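What follows is a short report on a single structure.
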Amino acid sequence: IILRCDYILSLWLHDVPEYTTEFVVWILIYSMINVLTIPIWNGIQAVGKLKKYILIGSGVYLMAFPINYVFLKLGYTPVITFQVLLAVRFVYLFVVISILREYVNIRMSEYTAKVILPIVYVVLCTLLIMRWVNGLFIHGFFQLLIVSIISLTVSLVVIFILGLSKDERNLFFAKILKNK
């Protein structure tokens, strides 16, 4: 979607308003970061310590408003609001992990190594490969389908190789062999 956003939006809207493509791309990137907070929220709910999480986490997250106000007053394009929101959400993620560490035995370095880095490797590797693949095809509906199928295949392979640990890959094969 990110690589073919202009074309997809032109199919849907015909006349794509200014900044729409950038908004969609940044919303998709934001969504990828935001989804990382769901397990943290579940952990906080499990230990029943919501007050500190909500107060501090919300305080950090609400910082996006004054920061965005300053950037917009300085004349930045509206796209900056999503970029700031993404940066604040990333800070928020590490702040709420720090809060969770008070109640659960979780180390920031371990979380980064086992959760964040595999995701970063998968996203960057897939993006690099797909940027190259995307450049091989002109814009058209059939080409969109081909690029989408290639993207799905590349994503699955890269996730399997870089995103899963050896134990997770072994579990995957054990489940497949068990179901045969």
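For this structure, a couple of remarks:
- The range 136-180: number of residues that are open to solvent by 100 Å² or more (accessible area, probe 1.4 Å), closer than 30 Å to LEU9 by Cα and in a helix (DSSP H, G or I): 5
- Residue match in the range 34-50 (condition: of a type in the set (D, E, K, R) and either under 21 Å from the mean Cα position of the chain (by Cα) or assigned to a helix (DSSP H, G or I) (or both)): no
- Contact annotation: residue pairs with Cβ atoms under 6 Å, 6 or more positions apart or on different chains, pairing a residue in the range 15-43 that is under 15 Å from VAL95 (Cα atoms) with a partner that is open to solvent by 60 Å² or more (accessible area, probe 1.4 Å), are ILE33/PHE90.
- The listed residues are LEU100, LEU117, LEU162, LEU177, and the only one of them that is hydrophobic (A, V, I, L, M, F, W, C), within 30 Å of ILE54 (Cβ to Cβ) and either touching a helix residue (DSSP H, G or I) at 6+ places or on another chain (Cβ under 6 Å) or modelled with pLDDT under 90 (or both) turns out to be LEU100.
- Residue, farthest from GLU22 (Cα to Cα), within the range 73-85, restricted to residues that are in a helix (DSSP H, G or I) and open to solvent by 30 Å² or more (accessible area, probe 1.4 Å): LYS73
- Residues satisfying the stated conditions in the range 36-53, i.e. open to solvent by 80 Å² or more (accessible area, probe 1.4 Å) and aliphatic (A, V, I, L, M): ILE38, ALA46
- Selected residue (criterion: nearest to GLU168 (Cα to Cα)) from residues of the range 97-116 that are part of a helix (DSSP H, G or I) and open to solvent by 60 Å² or more (accessible area, probe 1.4 Å): LYS114
The values are calculated or read from the model by the stated rules, or taken from the named source; none is laboratory data. This one's a predicted model, so the numbers in the text were calculated from it and none came from an experiment. Positions of Cβ are generated from backbone atoms using ideal geometry, with glycine treated the same way; all protein chains shown enter the neighbour counts. Surface accessibility is based on the protein's heavy atoms, side chains included, excluding ligands, DNA and RNA. Shrake-Rupley method; radii C 1.70, N 1.55, O 1.52, S 1.80 Å.
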